[in-house]
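Working notes for the structure below.
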Amino acid sequence: MLSYPRRISYGIGRTGSSLLLTFVDFAGLNIYYSFFLLNPLYAGMASAFGFIVIGLSHWYLGFRSDRTESRFGRRRPYIIIGAPALAITGFLIFVPHWIIPPSPDPINDPTWQFLTFGYYLLTLALFKFFYAFLITAYQAWLPEIADPDERPNVGAIQNTANWIGTGIGIVLGFVSGILFVPISGIPTTIGFIVLVTISLLCFLLFLPAIFFVRSRPGIKPIDRSIVEETKTALKNPNYVKWILVVGFWSLTLSTITAIIVPMLQNGLLLGFTQLILAAGIFLIALMIVPFILARLVKRFGKKRILMAALIILALILPFTAILGLPAFGPVTFQVIAFGIPLGSCVAALYLMRYVVIADIAHKDELESGQARAGMYEGFQGVPLNVFQAIGATFLGWFLLVLQVSPGPPPVNFGFFWWGPVFAIFLVIAAVILHYTNIDPDFSDLEKPLNK
């Protein structure tokens with residue numbers, strides 16, 4: 001039984017890491033493309049490399065944390081080291097001027113483009129590695145601290161903390177124009193304070209979990225090779241289908257994260273007040289939906305809820321092609337009408353991802369007698385991030401092809417036509433989900449253990 005104070009102690013850590021990750025994901029492409037004037041294909045390639053790094057790191061570190069045995073437990077050492085390392089590398093992404101001298105003509109300066117691309121690629125890769133280092137063990141901790149009937153509630157708390165951080169990160173990404181100086185990209189005084197603050201929060205908000213949360217007794221490290229553990233995980237057909245579902249929808253979600261701010265700022269030309277309003281509406285949807293879904297899951301099951309979210313999101317994304325046209329009313333109204341279902345569906349996908357993988361790991365533990373939550377959570381990151389890397393590279397190429405002017409600010413038809421294209425991958429995810437069982441009956445599985 002995990003008490004509510006400990007549930008909160010566990011879940012609140014995601015606020016800081018999600019805040020920093022969201023700011024990096026939302027503001028990274030926007031700052032390097034719109035402010036530093038880095039070629040969008042280079043920005044996409046750097047993002048793709050970051051996804052490859054985090055995917056491979058998830059895989060190995062999930063296995064490694066399953067085998068870890070220390071005075072601090074299996075998962076806590078990764079949180080103790082990973083939280084401060086993530087904070088430092090996240091901060092470094094936004095200060096390339098500390099290393100690279102400015103250029104009078106950055107768009108046409110190949111040396112500056114190469115150095116900036118290299119800096120972004122390196123710092124982003126380090127940031128993604130430490131994110132995997134921290135979050136893989138953190139997520140693998142869930143089935144070891146909470147019972148199956150507690151996980152939807154713990155997941156809802158975690159998801160709310162996640163989306164509070166995400167929402168703040170989105171708002172900061174939306175108003176990045178006041179945080180960085182155009183063309184040079186140097187942080188303003190306010191921007192520097194914001195960077196330091198969100199980096200510190202990334203570390204400090206994991207302290208309650210480090211000090212107050214403990215795994216249930218009796219969990220032993222697995223003494224197997226990573227190859228054996230990977231083969232064991234891949235023999236689970238439900239797990240294979242699930243990672244394909246997550247992979248296809250993540251390709252689209254990573255694109256939403258990267259393109260939404262440039263679309264609103266440079267495509268729809270929203271002002272500061274409009275951006276804050278749109279971000280606030282989006283954030284409210286993200287915060288409320290997880291708790292509603294936690295109740296609906298008990299009544300309808302995870303599969304129905306997830307299928308509905310995928311289908312609705314696939315239906316609304318094509319509307320980006322006509323978003324902003326005067327015939328459909330004021331732009332602010334259109335953004336709000338689009339943002340509420342968008343935020344609700346995205347929240348549903350993230351909540352289900354955490355809960356389902358924990359259930360798959362717990363079901364395997366009941367059937368095999370071995371706890372390998374780290375491997376299930378970790379290996380999931382490999383195909384997931386390969387899909388996201390493909391999406392990032394494709395998005396960079398897409399923006400380059402449809403670019404009218406590099407700016408500043410950039411003018412690009414890709415800000416609008418990405419929706420119809422990337423909605424296709426959600427449909428593929430829904431088809432695979434149709435053949436996937438994500439609602440196991442734990443009562444039947446636990447009966448032999450209770451005899």
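None of the figures in this text is laboratory data; all of them are computed from the coordinates on show. It should be emphasised that the depicted structure is a prediction, and the values quoted were computed from it without experimental measurement. FYI the Cβ positions are ideal-geometry reconstructions off the backbone, even for glycines, and counts take in every protein chain you see.
Whole angstrom only: what separates the Cα centroid of segment 158-176 from the Cα centroid of segment 1-50?
So the separation of the two Cα centres works out to 9 Å.
Based on the alpha-carbon gyration tensor of segment 282-428 and its eigenvalue square roots a ≥ b ≥ c, which shape applies: rounded if a/c is under 1.5, prolate if not and a/b is larger than b/c, or oblate?
Judged from the Cα gyration tensor, segment 282-428 comes out oblate (a/c at least 1.5, b/c at or above a/b).
Can you list the residues, at least 5 places off or on another chain, whose amide H is less than 5 Å from the amide H of VAL411, using H built in the peptide plane?
Here VAL404, SER405 satisfy the definition.
Would you please classify the overall shape of segment 232-309 from the alpha carbon gyration tensor, given that a ≥ b ≥ c denote the square roots of the eigenvalues, rounded means a/c under 1.5, and beyond that prolate means a/b larger than b/c while oblate covers the rest?
oblate
Only one of the values (1) 28.4, 95; (2) 21.4, 76; (3) 23.8, 94 was calculated from this structure for Rg and Dmax of the Cα atoms in Å; name its label.
Structure-derived value, by its label: (2).
Tally Lys and Arg at +1 and Asp and Glu at -1 over the other residues with C-beta under 15 Å from the C-beta of HIS434: what net charge comes out?
+3
Output the pairs from LYS241/LYS303; LYS128/LYS303; LYS128/LYS302 with a Cα-Cα distance over 22 Å in this structure; if there are none, say none.
Exceeds cut-off: LYS128/LYS303; LYS128/LYS302.
Using r as the Cβ-Cβ distance of ARG299 and ASN108, and R0 as 56 Å, what FRET efficiency do you calculate, to the nearest 0.05?
The computed FRET efficiency comes out at 0.40.
Using 0.36 nm per residue of separation minus the Cα-Cα distance, give me the extension gain between VAL427 and VAL227 in nm, one decimal.
68.8 nm
Taking 7 Å along the Cα-to-C-beta vector as the label spot, tell me the SER368-ILE88 distance in nanometres, rounded to one decimal.
Computed distance between label sites SER368 and ILE88 equals 3.5 nm.
Using a 10 Å cut-off around each Cβ, can you sort ILE243, ILE170, ILE145 from fewest to most neighbouring Cβ atoms?
Going from sparsest to densest Cβ surroundings: ILE145, ILE243, ILE170.
With each pseudo-label sitting 7 Å past Cα toward Cβ, what's the ASP439-VAL240 distance in nm, one decimal?
Spacing of the two 7 Å Cα→Cβ label points: 2.5 nm.
Apply the membrane-span-like helix rule to the chain: whole DSSP H runs, Cα extent along the own long axis of at least 20 Å, mean Kyte-Doolittle hydropathy at least 1.0. List the helices found.
The answer, listed by residue number, is 76-92, 189-204, 237-262, 272-300, 302-316, 373-401, 414-434.
Of all the C-alpha pairs in segment 229-272, what % are more than 17 Å from each other?
Roughly 55 percent, once rounded to a whole number.
If you add up the charges near LEU37, with Lys and Arg at +1 and Asp and Glu at -1, over every other residue whose beta carbon is less than 15 angstrom from its beta carbon, what do you get?
Summing Lys/Arg as +1 and Asp/Glu as -1 gives -2.
Can you put LEU56, LEU38, LEU205 in order of Cβ neighbours within 10 angstrom, beginning with the fewest?
Lowest count first: LEU56, LEU205, LEU38.
With the cut-off at 1.5 for a/c, could you classify segment 1-62 from its C-alpha gyration tensor as rounded, prolate or oblate?
oblate
In nm, what is the difference between 0.36 nm times the number of residues separating ILE100 and LEU325 and their Cα-Cα distance?
Full-extension gain reported as 76.9 nm.
Net charge near PHE206: determine it from the other residues with C-beta under 11 Å of the C-beta of PHE206, scoring Lys and Arg +1 and Asp and Glu -1.
Local charge sum for PHE206: +2.
What ranking of MET307, MET287, MET352, MET375 emerges when the number of other C-beta atoms within 10 Å of each C-beta is taken as an exposure proxy, fewest first?
Result, fewest neighbours first: MET307, MET287, MET352, MET375.
Please report, in whole Å, how far the alpha carbons of segment 2-138 spread along each principal axis, starting with the longest.
So the extents along the principal axes, rounded to whole Å, are 57, 28, 23.
Going 7 Å from the Cα of VAL401 along its beta-carbon direction, which residues of segment 33-62 have the amide nitrogen within less than 20 Å of the resulting point?
39-49
Ignoring everything except DSSP H segments at least 4 long, calculate the 222 nm mean residue ellipticity for the chain; use -39,500 (n - 2.57) per segment, divide by total residues, nearest 500.
-25000 deg cm²/dmol
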